[in-house]
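Single-structure report; data block below.
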Ligand code: ATP
């Protein structure tokens, strides 16, 4: 028997040994399951762990969290628990089956054997386990041909109704197929097409589709995934009005390049949320109303919605960036926009002058902050009011146009702004 845990990083090795001993003391069999097993075999990095317990998963997680002196969260309704350890998540779950009252519904869960637990999973490559029990530690449990499919590079469902029961698996199939450069096994591909023909994606809870879509858009290079989803679904699950064209795919490629550059630029105030830029690119051809409907139907968060809408609204206006010649004008135009919107404009418009203005904004202007704060303004005799906002804005402009550097220069400028504002009253 080959020990599949040989290649696991040393710190995980120790953690698994400790967990294994605790489960023996409790008399439980436990297994590492799902994507982590696939990734160990493919020798990809290890991040989060999924452990199936034939016993009380919550009790085991609690014991482990005490032993490691780390936090642990129980999810009573599912009989699962999560231990947070050194930035990783270790999920513990009872071995279970899932029964669907109707296709696309959330399943009813019942305790079951390991074999049944593996059978409820999406694809054979995600349906393997590695024993963590003391007597056969490291043994691979491969009941459904996962290893052979992994070697052949095939995505295969475990049963005929898989995509109908849970249509989110359609997006998952595309994700794994693209990520690993695998093929959909012939019958699996037919089943996927049949499910699409039955409009299966429409009968799932949109929140679950949204989560799968976000996972796809967060993959390192999602352009191929987007093209594949378009080929298979036309993105009609988002909106029947969507129609992506070649220029949209080219835009996705340019977004990838822009992100690759700027995600490594540690001078930016924060990391851009690349996935939102791709989402805006996909939705770009829709009217405002249709975009708002998608964002509502799929319950995107308020901040996410604002970014996508501002990209759509700013897109035409951003054209004029190529005409702006003064730093102040560039600042005034771009400052109200999110980092994501600015990167979108950069990817969308290839004109050199426009791009130079954005580069300059991201390298210099975005960092402009006043040295003065509210307390300083109060010390100048000004009670807090809406005027503060105007003064800070004028101070930033003065920093850009007059090159103010020190706090005392700013104090002087603030006084003169104040005098001006009082005269205006
Ligand atoms: P990733 O590498 O992107 O994290 P993963 O395979 O670990 O992918 P998760 O979404 O974390 O995927 O799920 C963990 C495991 O749970 C999967 O490997 C699979 O066995 C099972 N699983 C997840 N979602 C489904 C689903 N919709 N239907 C059936 N099984 C699923």
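Values in this text are rule-based calculations from the coordinates and carry no lab data. As the structure is a prediction and not an experimental result, all values here were calculated from the model. Don't worry about glycine lacking a Cβ; one is built from the backbone with ideal geometry, like all the others, and counts go over all protein chains shown.
One table, with the values for the structure above:
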{"read-out": "Label-to-label distance, nm, for residues given as residue 236 and residue 190 (7 Å Cα→Cβ offset)", "value": "2.2"}
{"read-out": "Footprinting exposure proxy for 48, 56 (fewest neighbouring C-beta atoms within 10 Å first)", "value": "48, 56"}
{"read-out": "Projected label distance in nm at residue 245 and residue 266, using a 7 Å step from Cα toward the beta-carbon", "value": "4.2"}
{"read-out": "Histogram of C-alpha separations across the stretch 123-202, 10 Å bin width, %", "value": "19, 44, 25, 10, 2"}
{"read-out": "Least to most buried among 252, 332, 223 (fewest other Cβ within 10 Å first)", "value": "332, 223, 252"}
{"read-out": "Kirkwood Rh in Å, taken over all unlike Cα pairs in the chain", "value": "25.3"}
{"read-out": "Equivalent-ellipsoid semi-axes of the stretch 295-425, from the Cα gyration tensor, Å, largest first", "value": "32, 20, 12"}
{"read-out": "Mean shadow area of the stretch 157-206 over all directions, Cα convex hull, nm²", "value": "3.3"}
{"read-out": "Alpha-carbon radius of gyration plus Dmax, which is the widest Cα pair, for the stretch 1-79 in Å", "value": "13.0, 37"}
{"read-out": "Prolate/oblate/rounded call for the stretch 188-236, Cα gyration tensor, a/c under 1.5 rounded", "value": "oblate"}
{"read-out": "Inter-part distance where the stretch 101-158 and the stretch 305-345 are each reduced to a Cα centre, Å", "value": "48"}
{"read-out": "Choice from 382, 365, 279 with maximal GNM fluctuation in the chain (Cα, 10 Å cutoff)", "value": "382"}
{"read-out": "The stretch 4-56 versus the stretch 187-247: alpha-carbon centroid distance in Å", "value": "32"}
{"read-out": "Expected-Rg normalisation [2.2 N^0.38 Å, Cα atoms] applied to the stretch 2-152", "value": "1.01"}
{"read-out": "Distance (nanometres) between label positions extended 7 Å along Cα→Cβ at residue 296 and residue 39", "value": "3.8"}
{"read-out": "Computed Kirkwood radius, in angstrom, where 1/r is averaged over Cα pairs of the stretch 236-306", "value": "13.4"}
{"read-out": "Whole-Å semi-axes of the ellipsoid equivalent to the stretch 374-424 (Cα gyration tensor, √5λ, descending)", "value": "17, 12, 10"}
{"read-out": "Cα-based convex hull volume of the stretch 89-159 per residue, rounded to whole Å³", "value": "124"}
{"read-out": "Alpha carbon convex hull of the stretch 238-358, projected area averaged over orientations, nm²", "value": "7.5"}
{"read-out": "Residue order, fewest to most surrounding Cβ atoms within 10 angstrom, among 324, 276", "value": "324, 276"}
{"read-out": "Coordinate range along principal axes, alpha carbons of the stretch 141-273, Å, largest first", "value": "50, 39, 27"}
